[in-house]
Protein chains: 4
Amino acid sequence: MDSKRAEAFSDGVFAIAITLLVLDLAVPARDRLAGRSLIRALGAEWPSYFAYLVSFAVIGIIWVNHHGLCGLVKRADRLVLFANLFLLLTVSVIPFPTRLLAEYLTASGDSHVAAAIYSAGMLAMSIAFSLLFLAISRDARLLHVPLDRATIQRTWRRFSVGGVFYLITIGLSFVSAVLTLVVHALLAAYYCFDQLASARS
Amino acid sequence: MDSKRAEAFSDGVFAIAITLLVLDLAVPARDRLAGRSLIRALGAEWPSYFAYLVSFAVIGIIWVNHHGLCGLVKRADRLVLFANLFLLLTVSVIPFPTRLLAEYLTASGDSHVAAAIYSAGMLAMSIAFSLLFLAISRDARLLHVPLDRATIQRTWRRFSVGGVFYLITIGLSFVSAVLTLVVHALLAAYYCFDQLASARS
Amino acid sequence: MDSKRAEAFSDGVFAIAITLLVLDLAVPARDRLAGRSLIRALGAEWPSYFAYLVSFAVIGIIWVNHHGLCGLVKRADRLVLFANLFLLLTVSVIPFPTRLLAEYLTASGDSHVAAAIYSAGMLAMSIAFSLLFLAISRDARLLHVPLDRATIQRTWRRFSVGGVFYLITIGLSFVSAVLTLVVHALLAAYYCFDQLASARS
Amino acid sequence: MDSKRAEAFSDGVFAIAITLLVLDLAVPARDRLAGRSLIRALGAEWPSYFAYLVSFAVIGIIWVNHHGLCGLVKRADRLVLFANLFLLLTVSVIPFPTRLLAEYLTASGDSHVAAAIYSAGMLAMSIAFSLLFLAISRDARLLHVPLDRATIQRTWRRFSVGGVFYLITIGLSFVSAVLTLVVHALLAAYYCFDQLASARS
């Protein structure tokens with residue numbers, strides 16, 4: 001089975017999930033400003049913009065990684081397709097925890113739960129990505145060029161470190177929701193620069 | 001007429017339908033929690049998550065099957081295009097019965113109607129898929145390799161069994177809506193593992 | 001300039017417009033049933049389902065025609081790209097008049113205005129499609145095979161008849177909105193069967 | 001890394017952003033007409049239609065330019081992918097300032113803030129497009145045919161002029177929001193005709 005169509009379908013899901021995020025940037029209704037200026041009303045929505053930017057960056061980075069992973073694949077069997085579907089499930093659900101965290105980021109008690117759910121969503125995505133790599137790397141006939149054992153081990157180590165970081169953000173959620181979102185932003189920036197550096201070398 | 005663009009269009013519709021499902025995972029507004037904790041308010045939305053997961057799995061499986069079916073096709077004539085459009089109609093409408101069932105799953109009387117409409121949507125999709133297979137298999141010139149009679153018969157038998165199952169879920173809806181959704185989840189899991197098994201052999 | 005990417009972009013817009021229609025199939029909220037059964041509440045929404053089906057069919061047919069038209073094109077220059085963008089504007093706006101007509105189909109006075117706007121939307125789409133054909137057929141170097149004068153004239157005659165029909169539906173809107181939507185459904189069915197017949201010959 | 005998939009993903013984001021704009025063309029609810037006729041209620045929504053058309057045109061033109069730019073690229077490295085992601089961020093966010101400007105275009109004081117945010121969004125998009133060009137033109141190995149110094153300088157001059165115009169619209173926002181939107185429409189029309197002229201020569 002050719003992997004081209006699975007990529008096109010995945011690109012569609014990534015593109016839609018990343019673009020649907022904008023629907024949750026709410027415009028305050030004119031008759032609900034209640035005497036506030038628009039600029040203040042928009043300012044009060046900063047958790048929406050922050051969560052939007054972090055989720056946009058995370059989906060974008062996952063897409064770049066998915067792009068890189070698919071470049072290795074010659075043929076996708078059904079196990080790969082279903083592993084890919086599971087990844088797409090975790091990606092396409094992201095607008096939900098994003099909306100949730102934007103709504104509750106500044107709520108005192110409930111902010112922790114919202115941040116923990118957001119972090120769990122990121123962890124699920126990272127696990128799904130690892131499973132897709134597992135499905136692809138298990139059979140050399142699916143690949144253009146077989147991966148050597150050292151590359152596979154190095155990749156797994158990276159995935160494990162990423163997974164541990166996301167686990168830590170779940171714990172961190174119960175300390176501070178805002179800090180948790182900052183850490184997710186930093187993780188995204190790290191992955192972004194790390195890839196630019198590895199691309200340069 | 002080349003079948004590549006019909007696939008790209010279909011992939012677009014599948015990708016959008018499967019991703020739009022997330023719009024119906026509602027975030028409870030902060031000022032409507034009415035003293036409940038967020039975790040309880042989210043817990044009360046379990047029918048949404050359950051219906052979301054089942055519909056995501058169903059659309060995903062249909063996509064894998066569509067992918068497989070299109071792999072046989074060399075050329076799509078207009079009858080195939082319209083049969084495909086009918087399938088896309090049944091796929092792209094799925095967010096509606098999903099939303100309906102999520103809203104009414106725990107309503108005493110109306111849950112049966114909602115579950116029956118959901119099941120009827122699944123039946124329509126299964127019929128549309130059979131019609132697409134019929135449109136494709138009717139003319140050997142549309143295919144890369146002509147299908148032998150035994151394969152066509154075996155495929156029809158599978159489609160018939162699937163159709164009968166979906167008919168049964170319509171009846172089951174009037175017994176229990178929750179049970180009906182469980183059966184749809186089991187059917188999706190069955191199709192998923194069945195395909196993985198047939199892919200392995 | 002290669003026409004492949006313009007097709008991919010167009011397919012995306014068609015796929016999204018046709019799938020976004022489902023967002024306007026409203027699920028009645030449980031606490032607003034006001035003693036009615038769900039089945040009655042859904043039944044009262046028949047204008048939504050009717051408008052949904054007609055608009056789905058219209059976008060689907062336009063896509064099939066667009067698919068056919070693009071099959072002739074070898075190279076798209078910027079005039080073709082902008083003519084195509086104008087067609088995409090008229091296609092991607094369709095969810096709006098569809099929603100409008102669904103809401104006002106059974107309103108006594110305002111139904112006429114809603115139906116006239118819906119019909120004007122269809123007319124705009126038909127004009128945009130003619131302009132795209134004009135942009136493509138004006139320069140033989142854009143085509144795989146140059147079109148002979150007779151084919152161009154026959155195509156224009158078809159477009160003119162279609163345009164006149166849509167003009168008539170605008171007038172008809174002020175007689176009966178429901179009848180207007182029925183005529184749009186019949187026009188869609190006619191185009192559909194006409195294409196199947198011409199494909200067979 | 002092949003640039004085909006980055007184009008497909010970009011096309012998806014462009015197509016979705018341009019089509020999502022329609023969701024903000026609101027249909028006035030029947031029970032909120034408050035004695036007004038539908039035609040008057042729709043007429044009062046003219047800022048929505050105006051902002052919709054301008055944003056549609058802007059995204060469409062950016063897509064045509066993106067299409068042109070990608071035609072030069074043979075290989076996309078990660079820096080190009082991330083520059084492209086940044087452009088997609090500025091494109092996919094456009095429905096938000098569009099909605100904002102539509103809501104506040106006729107509000108006395110707040111219209112200026114809304115128009116300035118809309119103009120800033122356009123400026124961000126123009127900067128992101130320049131950065132993408134920078135990322136592409138920095139390394140001749142990424143291109144099918146290396147760009148000569150004169151072409152690069154001419155392109156930069158164009159980008160700078162465009163950027164200055166968008167800066168001016170931010171200032172203009174504090175004079176008149178409606179005038180600002182008119183200028184954005186004129187800029188879009190200018191770019192459109194300019195491209196048609198340069199395509200003809």
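The values are calculated or read from the model by the stated rules, or taken from the named source; none is laboratory data. Predicted model only: the values in this text are computed from it and were never measured. Glycine gets a Cβ as well: all are built from the backbone with ideal geometry, and neighbour counts include every protein chain shown. Heads up: the accessible areas ignore ligands, DNA and RNA and are worked out on the full protein's heavy atoms, side chains in. Shrake-Rupley method; radii C 1.70, N 1.55, O 1.52, S 1.80 Å.
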Subject >> Single residue of D:Ala102, D:Ala51, D:Ala15 found to be more than 12 Å from chain C (Cβ to nearest Cβ) and either part of a loop (DSSP other than H, G, I, E, B) or open to solvent by less than 10 Å² (accessible area, probe 1.4 Å) (or both) >> reply: D:Ala51
Original post:
Of all residues in the range B:114-138, which are closer than 18 Å to B:Pro95 by Cβ and among the hydrophobic types (A, V, I, L, M, F, W, C)?
Top reply: B:Ala114, B:Ala115, B:Ala116, B:Ile117, B:Ala120, B:Met122, B:Leu123, B:Ala124, B:Met125, B:Ala128
Subject >> Residue list for the range A:69-99, filter: open to solvent by less than 20 Å² (accessible area, probe 1.4 Å), touching a strand residue (DSSP E or B) at 6+ places or on another chain (Cβ under 9 Å) and among the small types (Gly, Ala, Ser) >> reply: A:Ala76
Original post:
Only one of (1) part of a loop (DSSP other than H, G, I, E, B); (2) touching a residue at least 12 places away in the same chain (Cβ under 8 Å) fails for A:Ile117. Which number is that?
Top reply: (1)
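Here is a yes/no grid of residues against (1) within 9 Å of chain D (Cβ to nearest Cβ); (2) over 27 Å from D:Asp31 (Cα atoms); (3) open to solvent by 20 Å² or more (accessible area, probe 1.4 Å):
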site	(1), (2), (3)
C:Gly109	yes, no, yes
C:Ala115	no, no, no
C:Leu123	no, yes, yes
C:Ile127	no, yes, yes
Original post:
Applying the selection to the range D:18-48, what residues are among the charged types (D, E, K, R) and surrounded by fewer than 20 Cβ atoms within 10 Å (Cβ to Cβ)?
Top reply: D:Arg30, D:Asp31, D:Arg32, D:Arg36, D:Arg40, D:Glu45
Subject >> Top-ranked residue of the range C:58-71 - restricted to ones that are within 8 Å of chain B (Cβ to nearest Cβ) and in a helix (DSSP H, G or I), ranked as nearest to B:Leu23 (Cα to Cα) >> reply: C:Gly60
Original post:
Would the range A:22-38 turn up any residue that is in contact (Cβ under 8 Å) with a residue 40 or more places away in the chain and either at negative phi or part of a helix (DSSP H, G or I) (or both)?
Top reply: yes
Original post:
Mind checking which residues of the range C:112-165 are within 16 Å of C:Val183 (Cβ to Cβ) and acidic (Asp, Glu)?
Top reply: none
**OP:** Go through the range D:1-12 and count every residue that is more than 8 Å from every other protein chain (Cβ to nearest Cβ) and free of Cβ contacts under 8 Å to residues at least 60 places away in the same chain.
**Re:** 1
Subject >> Residue identified as under 19 Å from the mean Cα position of the chain (by Cα) and closer than 29 Å to C:Cys192 by Cα among B:Phe129, B:Phe50, B:Phe56 >> reply: B:Phe129
**OP:** Look through the range B:179-196, keep the residues that are open to solvent by 60 Å² or more (accessible area, probe 1.4 Å) and at pLDDT below 90, and return whichever of them is farthest from the other protein chains (Cβ to nearest Cβ).
**Re:** B:Tyr190
**OP:** Scan the range A:72-82 and give yes if some residue there is outside any helix (DSSP H, G or I), at pLDDT 90 or above, more than 12 Å from chain B (Cβ to nearest Cβ) and more than 30 Å from B:Val54 (Cβ to Cβ), otherwise no.
**Re:** no
Original post:
Of (1) free of Cβ contacts under 8 Å to residues at least 12 places away in the same chain; (2) not in a helix (DSSP H, G or I); (3) not basic (Lys, Arg), A:Leu186 satisfies all except one. Which?
Top reply: (2)
Original post:
Do you know which residues across the range C:137-166 are touching a residue at least 40 places away in the same chain (Cβ under 8 Å), in a helix (DSSP H, G or I) and loosely packed, with under 13 Cβ neighbours inside 10 Å?
Top reply: C:Arg141
